[in-house]
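Just below is one structure, and these are the notes that go with it.
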Amino acid sequence: NVPEDQADKLLLASWGLPKAVLEKYHSLGVVQMFEWQAECLMLGKVLEGKNLVYSAPTSAGNTLVAELLILKRVLETRKKALFILPFVSVAKEKKCYLQ
């Protein structure tokens with residue numbers, strides 16, 4: 001669970017994302033994360049590029065965790081990222097979304 005003193009970590013706006021990215025998420029109705037998503041992002045040194053393995057059911061919000069990690073790393077390091085997705089339909093959706 002996310003400690004009470006870090007409850008603001010559930011809000012996407014508290015993760016240092018650019019305004020345009022936040023606006024896109026907000027337009028899709030995504031303003032905050034589930035506790036388990038915030039916990040993933042706060043584990044160890046995952047935000048510094050260390051590995052993270054997590055599992056959740058389909059449609060539980062798995063992709064949001066990966067997107068936030070990728071976006072933060074790409075914006076902070078100015079390096080490219082490889083985002084591997086399981087289905088062509090999901091890959092096409094994310095391509096349009098991330099552009």
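Per-residue answers, yes or no, for (1) outside any helix (DSSP H, G or I); (2) at pLDDT below 90; (3) farther than 15 Å from Leu10 by Cα:
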residue: Gly29; (1), (2), (3): yes, no, no
residue: Gln37; (1), (2), (3): no, no, no
residue: Cys40; (1), (2), (3): no, no, no
residue: Ala56; (1), (2), (3): yes, yes, yes
residue: Leu68; (1), (2), (3): no, no, no
residue: Arg73; (1), (2), (3): no, yes, yes
residue: Glu76; (1), (2), (3): no, yes, yes
residue: Leu85; (1), (2), (3): yes, yes, yes
residue: Glu93; (1), (2), (3): no, yes, yes
Check on Ser27, closer than 14 Å to Ala66 by Cα, more than 13 Å from the chain's Cα centre (by Cα) and open to solvent by 50 Å² or more (accessible area, probe 1.4 Å): no
Matching residues, segment 52-85, being of a type outside the set (S, T, N, Q) and open to solvent by 100 Å² or more (accessible area, probe 1.4 Å): Val53, Glu76, Arg78, Lys79, Lys80, Leu82, Ile84
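The values are calculated or read from the model by the stated rules, or taken from the named source; none is laboratory data. None of these values were measured; they are calculated from a predicted model. These accessible areas exclude ligands, DNA and RNA; they are computed on the full protein's heavy atoms, side chains included. Shrake-Rupley method; radii C 1.70, N 1.55, O 1.52, S 1.80 Å.
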